[in-house]
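Just so it is clear, none of the values below were taken in a lab; they were calculated from the coordinates. Remember, predicted model here, so these are calculated numbers, not experimental data.
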Amino acid sequence: MFNDIGPLELVTLIVLAVLVFGPDKLPKVIQDVMRTVRKIREFSESAKQDIRQELGPEFKDFEFEDLNPKTFIRKQMDNDELGLKEIRNGFDLKKEMAEVTDAVHSRDADASPSGASSSSADRIDMTKKPEERAPYDADAT
């Protein structure tokens, strides 16, 4: 719960608590806070148990953490029933990109200048630089 509080912040909180509540009342305040936290935890656990009992045996593997969308998606993606691991492992992006690059370069090498009259009109020249745009004029708009 307090994993991101450093030692300096913890000392600051303790000093602030001593200043606000005083050294006499501080132990009583800490006991009251801890009792309240325990009651809230007991209440939430009993509510979870009641929900699990009401859902019945078909939802015995239901976890409340699954209500978080990220957790739910991660759990479903790791499920082997969908076969996503085989698809993910069978797809090699570097190999696919190399094949596409080879296909593009071989098409350029295979094209002959004599037969270029019909095929050059259909092809897009990937080496041509894009046309330069007119400068933007803020006063004209």
Query raised in the report: Fully extended, how many nm does the chain gain between ILE5 and ARG35 (0.36 nm per residue separation, minus their Cα-Cα distance)?
Result: 8.6 nm
Query raised in the report: So between GLU99 and GLU58, what do we pick up on full extension, going 0.36 nm a residue minus the alpha carbon distance?
Result: 9.9 nm
